[in-house]
Number of protein chains: 2
Amino acid sequence: MARPEFHIFLCTQRRPDGHPRGCCGSKNADAVYDAFAQALIQNNLTNRVALTRTGCLGPCMAGPNVLIYPASQMYSWVEPEDAAIIIKQLLAGEVYADKLTPAELW
Amino acid sequence: MARPEFHIFLCTQRRPDGHPRGCCGSKNADAVYDAFAQALIQNNLTNRVALTRTGCLGPCMAGPNVLIYPASQMYSWVEPEDAAIIIKQLLAGEVYADKLTPAELW
């Protein structure tokens with residue numbers, strides 16, 4: 001794709017069961033990824049907004065975590081139904097305050 | 001980590017041998033990742049600059065690809081010896097023009 005207006009990074013890292021940090025991959029991150037992908041497709045945004053899977057973004061205890069640049073917004077405890085809301089707010093220049101990562105975590 | 005000043009994303013995706021798009025993971029991307037990690041550690045920058053592995057960033061034919069936000073710089077055909085140069089230029093507010101991804105690719 002050409003250079004996107006926004007780039008959504010979603011942690012889908014998997015760690016072994018019982019790992020003390022846990023991981024986004026065991027907390028439904030794949031379903032969250034699919035929800036973002038579907039929302040971008042359905043709203044004809046795939047040329048404006050990129051979506052990329054990542055390894056660890058840091059605050060594992062708060063996953064699934066979603067990081068959006070260049071807006072520099074991180075969202076935590078993200079669920080599939082949040083994807084369309086986050087994208088809509090992003091394009092409106094707003095943040096979805098309900099799921100913003102707490103300042104002490106990022 | 002706290003919110004970083006810069007976030008370096010490096011594609012380390014692997015595709016099966018012979019896949020028509022190829023992949024950064026088969027082009028020494030792990031060594032490039034290690035070089036960035038070492039450069040950040042050696043320069044005491046791990047609290048200012050984050051480093052994260054990603055899936056596909058787009059221009060597979062030009063990998064390994066490195067994407068830096070919020071600066072919105074993409075570098076391609078990156079080699080381990082480029083890591084320290086890219087970081088130094090980034091912190092100086094400059095770009096490393098030799099390895100910037102061509103505009104037709106990103």
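Any residue in region A:47-60 that is away from chain B (no Cβ under 14 Å), more than 11 Å from the chain's Cα centre (by Cα) and either closer than 22 Å to B:THR12 by Cα or among the aliphatic types (A, V, I, L, M) (or both)? No, region A:47-60 contains no residue that is away from chain B (no Cβ under 14 Å), more than 11 Å from the chain's Cα centre (by Cα) and either closer than 22 Å to B:THR12 by Cα or among the aliphatic types (A, V, I, L, M) (or both).
Remark: pairs (first residue in region A:18-45, farther than 10 Å from A:PRO80 by Cα and without any contact (Cβ under 8 Å) to a residue 40 or more places away in the chain; second residue open to solvent by less than 90 Å² (accessible area, probe 1.4 Å) and charged (D, E, K, R); Cβ separation under 9 Å; 6+ apart in sequence or on different chains) = A:GLY25/A:ARG15; A:SER26/A:ARG15. With respect to the conditions (1) open to solvent by less than 10 Å² (accessible area, probe 1.4 Å); (2) within 14 Å of another protein chain (Cβ to nearest Cβ); (3) not hydroxyl-bearing (Ser, Thr, Tyr), B:PRO64 falls short on a single one, namely (2). Looking across region B:56-106, just one residue is among the β-branched types (Val, Ile, Thr) and over 23 Å from B:LEU45 (Cα atoms), and that is B:THR101. When A:ALA71, A:ALA37 are checked against the criterion of being under 24 Å from B:ALA2 (Cα atoms) and modelled with pLDDT of 95 or more, a single residue qualifies: A:ALA71.
In summary, B:GLY18 fulfils each of the numbered conditions (1) in contact with a Lys or Arg (Cβ under 9 Å, 6 or more places away or on another chain); (2) surrounded by fewer than 17 Cβ atoms within 10 Å (Cβ to Cβ); (3) away from every other protein chain (no Cβ under 14 Å); (4) not aromatic (Phe, Trp, Tyr) with the single exception of condition (1). A:GLY93 passes every criterion in (1) touching a residue at least 24 places away in the same chain (Cβ under 8 Å); (2) open to solvent by 10 Å² or more (accessible area, probe 1.4 Å); (3) not acidic (Asp, Glu) apart from (1). Within region A:67-81, the residues that satisfy the criterion of being open to solvent by 10 Å² or more (accessible area, probe 1.4 Å) and away from chain B (no Cβ under 14 Å) are A:TRP77, A:GLU79, A:PRO80, A:GLU81. Does B:PRO102 meet the test of being assigned to a loop (DSSP other than H, G, I, E, B) and buried (at least 20 other Cβ atoms within 10 Å of the Cβ)? Spelling it out, it is not the case that B:PRO102 is assigned to a loop (DSSP other than H, G, I, E, B) and buried (at least 20 other Cβ atoms within 10 Å of the Cβ). Within region A:21-45, the set of residues being closer than 19 Å to B:ARG53 by Cα, hydrophobic (A, V, I, L, M, F, W, C) and either more than 13 Å from chain B (Cβ to nearest Cβ) or open to solvent by 70 Å² or more (accessible area, probe 1.4 Å) (or both) comprises A:CYS23, A:VAL32.
Among the conditions (1) under 23 Å from B:LEU105 (Cβ atoms); (2) surrounded by fewer than 21 Cβ atoms within 10 Å (Cβ to Cβ), the only one that A:LEU51 does not satisfy is (2). Every condition in (1) of a type in the set (Lys, Arg); (2) more than 24 Å from A:LEU105 (Cβ to Cβ); (3) in contact with a helix residue (DSSP H, G or I) (Cβ under 6 Å, 6 or more places away or on another chain) is met by A:ARG3 except one, and the failing one is (3).
The values are calculated or read from the model by the stated rules, or taken from the named source; none is laboratory data. Since the model is a prediction, treat every value here as computed from it, not as a measurement. Neighbour counts are summed over all protein chains in view; Cβ atoms, including those assigned to glycine, are modelled from backbone coordinates with ideal geometry. We work out accessible area using only protein heavy atoms, side chains counted, and drop any ligands, DNA or RNA first. Shrake-Rupley method; radii C 1.70, N 1.55, O 1.52, S 1.80 Å.
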